[in-house]
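Each reported figure results from applying straightforward, stated rules to the coordinates on display, with no laboratory input. Predicted model, so just to flag it, every value in this text is computed and none were measured. Neighbour counts run over all protein chains shown; Cβ positions are idealised from the backbone, glycine included.
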């Protein structure tokens, strides 16, 4: 919508739920800037961004050591102030609180949900067995994700087709934009 201030959409959900699909759809179809917590964490901690187990360990250390606020500060610094932005991978209520404090009524949280079996199938390139998937999904860095669900402005099914997802995102964008004009 012309003249509307940019909106920031945080995206949360468990491993393999479809968070990145949602964020990339916002980038591709709606022109959003794409940011990902794990990439900011990787740059900050000098960890290979493709080393997911190490990133989970470092993320757990950051949360346990009260570094989550600094991680959020670094992420927020990267958000272009004149563009809509999709932030992929919120994992902790502090992430939501930081984005709400920085962007106020321009910030919206979307929670993406999918059954564990669907999430495992999507993650088969990372996990050889269902047990490995469950172990990764229960690591300390993943412990607070479900607490973000009740904070979300919307919950999307990670089982939607891309066409269905795009349709739901159009409806959400209209709703979110109306909220901007209040």
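Observations
- Here the range 61-96 is scanned for amide nitrogen atoms under 19 Å from the site 7 Å beyond the Cα of residue 147 along Cα-to-Cβ, giving 61-73, 89-96.
- Using R0 = 41 Å, the C-beta based FRET efficiency linking residue 66 and residue 175 works out to 0.70.
- Using C-alpha pairs below 8 Å separated by at least 6 residues, the relative contact order for the range 8-180 is 36 percent.
- The label-point distance for residue 77 and residue 161, in a model that sets each label 7 Å from Cα toward Cβ, rounds to 4.4 nm.
- Summary of the geometry: the range 15-43 and the range 121-181, compared by the centres of their Cα atoms, lie 11 Å apart.
- Compared with the dominant principal axis of the Cα atoms in the chain, helix 19-30 is inclined by about 30°.
- Highest mobility in the GNM of the chain, judged by mean-square fluctuation with C-alpha springs under 10 Å and restricted to 163, 12, 143, is found for 163.
- Degrees, to the nearest 10: 93-103 long Cα axis against longest axis of the chain: 20
- 222 nm mean residue ellipticity, helices alone, for the chain (DSSP H n ≥ 4; -39,500 (n - 2.57); rounded to 500): -15000 deg cm²/dmol
- Relative to the longest principal axis of the Cα atoms of the chain, the long axis of helix 68-77 makes an angle of roughly 40 degrees.
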